[in-house]
1. So for each of 61-71, 98-108 I average, over its residues, the number of other beta carbons within 10 Å; can you give me the resulting order with the highest mean first?
2. If you compute mean projected area of the Cα convex hull in nm² for the structure shown, which of (i) 21.1; (ii) 14.5; (iii) 15.6 do you land on?
3. Quick one: helix 184-203 against the long Cα principal axis of the chain, what's the angle to the nearest 10°, folded into 0 to 90?
4. For the stretch 231-244, what does the Karplus curve 6.51 cos²θ - 1.76 cosθ + 1.60, with θ = phi - 60°, yield as ³J(HN,Hα) per residue in whole Hz, taken in order and with x for Gly and Pro?
5. Could you give each residue of the stretch 67-78 its phi-based ³J(HN,Hα) in whole Hz, using Karplus coefficients 6.51, -1.76, 1.60 with θ = phi - 60°, and x for Gly or Pro?
6. How big is D for the stretch 26-140, in µm² s⁻¹ as a whole number, if Stokes-Einstein is applied with the Kirkwood radius of its Cα pairs at 20 °C and 1.002 mPa s?
7. Tell me the relative contact order for the stretch 1-71 as a rounded percent, counting alpha carbon contacts under 8 Å between residues six or more apart.
8. Hey, could you grab the Kirkwood Rh for the stretch 66-191? Inverse mean 1/r over distinct alpha carbon pairs, Å, one decimal.
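The values are calculated or read from the model by the stated rules, or taken from the named source; none is laboratory data. None of the values given here were measured: they were computed from a predicted structure. Cβ coordinates were reconstructed from backbone atoms using ideal geometry, including for glycine residues, and neighbour counts include every protein chain displayed. Surface areas here come from the heavy atoms of the whole protein model, side chains and all, with no ligands, DNA or RNA. Shrake-Rupley method; radii C 1.70, N 1.55, O 1.52, S 1.80 Å.
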Amino acid sequence: MRNQRRRLFNRLMIGVVTGCAALSVGIMFLIIGYVTAKGVTHISVTFLTHEPTSLGEPGGGIKHALVGTLILVTIAISIAVPLGIGAGIFVSEYASPRLALPLRFLADVLTGVPSIVIGVFIYSLIVIQYGFSALAGGVALAVIMLPIVARTSEEALYLVPRDQREAALALGTPKWRMILQIVLPTAAPAVVTGCLLATARAAGETAPLLFTALGNNFYSTNVKEPIAAMPVIIYRYALTPYPSLHDQAWATAFILVGVMLVLSAITRIVVSRSIR
């Protein structure tokens with residue numbers, strides 16, 4: 001009798017878990033399918049290579065937003081990746097347990113801070129003094145990326161076998177060289193995975209860019225001036241009363257979702273190769 005109850009409860013829980021998984025996957029496919037259906041029909045070479053037209057006029061493109069997003073993400077990566085990997089190395093290899101614990105806690109807290117709070121922080125720190133700019137937007141995205149890169153780098157370094165470290169040190173290799181030439185290359189796939197995940201999250205943020213990069217209706221590559229970005233374009237075009245801009249917002253959303261899927265696929269490939 002007891003075994004029958006256990007089997008019944010086991011089947012019930014398997015059904016519940018399967019239903020939850022199917023529901024979550026179904027919602028994900030519903031979102032992706034809806035965005036694809038609304039946006040893919042408006043994708044064209046002109047849309048990707050032309051600048052926007054005057055407000056309310058049909059046509060135009062998002063060349064300025066594509067280039068602006070690339071600039072913002074490049075600035076964020078150039079700041080967050082070196083600092084994040086360096087922080088991960090420090091916590092993993094040099095920090096004492098008393099110091100490592102609060103640093104991990106702070107990184108976890110910073111990961112959960114709403115992005116709009118980070119945008120307001122960068123606004124008060126940089127924008128008030130120097131104005132809206134691509135540089136301020138890149139710094140805001142870097143703050144979002146930094147804890148993710150730091151924590152994933154730290155965990156990746158912990159996975160490197162201790163025997164490799166001890167063998168290198170036993171041969172007289174300095175600790176810094178052992179870290180650079182043995183530990184980091186061994187943990188490189190996991191570190192790259194963390195960097196890609198952080199980039200994917202930062203590339204889709206809108207709130208911090210409204211307080212820092214502001215947006216720009218014209219093509220610009222000046223990092224000291226306001227600059228366009230795909231998330232900001234989606235937000236602003238969706239609020240307008242013009243159907244043509246609504247179509248462009250859906251098309252931009254489709255491109256952004258596609259970028260996220262590509263980054264996720266690359267992450268999965270890197271992880272699978274590292275496991276092999």
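1. 61-71, 98-108
2. Working out mean projected area of the Cα convex hull in nm² from the coordinates points to (i).
3. 30
4. 3J(HN,Hα) across the stretch 231-244, in whole Hz: x, 5, 4, 4, 4, 6, 5, 5, 8, 7, x, 9, x, 5.
5. 5, x, 4, 4, 5, 4, 5, 5, 4, 5, 5, 5
6. Answer from the Stokes-Einstein relation: 118 µm²/s.
7. That works out to 17 percent.
8. 16.0
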